[in-house]
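Asks: Below is a structure I'd like to ask you about.
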Ligand SMILES: [Zn+2]
């Protein structure tokens, strides 16, 4: 059986609770994070390279996981579930399972 290349698609825009969110790839975000979620701007930013000074790309599944992580922050904030929103362990576990689901579904 041939290996299936993982191809993730990150949306450019989506709605949550009637609010239009946009996403953008930004290689210049802080070195210690790979993604960011701004409720004030309704924007999710993510990086596709390992760091600013590198041309090394993150794996597609890792970019998808980053996007899912930020999406879960966006959803929980929209639900005003701020305690869960700020629980990074919860958000990361949720993102890992969601990414596994998305990459394994047929
Ligand atoms: Zn987070």
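Readers should treat all values here as calculations from the given coordinates under stated rules, not as data from a laboratory. Note that the coordinates shown come from a computational prediction; the quantities given were computed from them, not determined experimentally. Cβ coordinates were reconstructed from backbone atoms using ideal geometry, including for glycine residues, and neighbour counts include every protein chain displayed.
Asks: Is it true that some residue in segment 74-86 is surrounded by fewer than 13 Cβ atoms within 10 Å (Cβ to Cβ) and within 12 Å of the ligand (Cβ to nearest atom)?
Replies: yes
Asks: Taking residue 94 as the residue in question, decide whether it is surrounded by fewer than 16 Cβ atoms within 10 Å (Cβ to Cβ), within 14 Å of the ligand (Cβ to nearest atom), in a helix (DSSP H, G or I) and on the phi < 0 side of the Ramachandran plot.
Replies: no
Asks: Would you confirm whether any residue within segment 62-72 is more than 14 Å from the ligand (Cβ to nearest atom) and not in a helix (DSSP H, G or I)?
Replies: no
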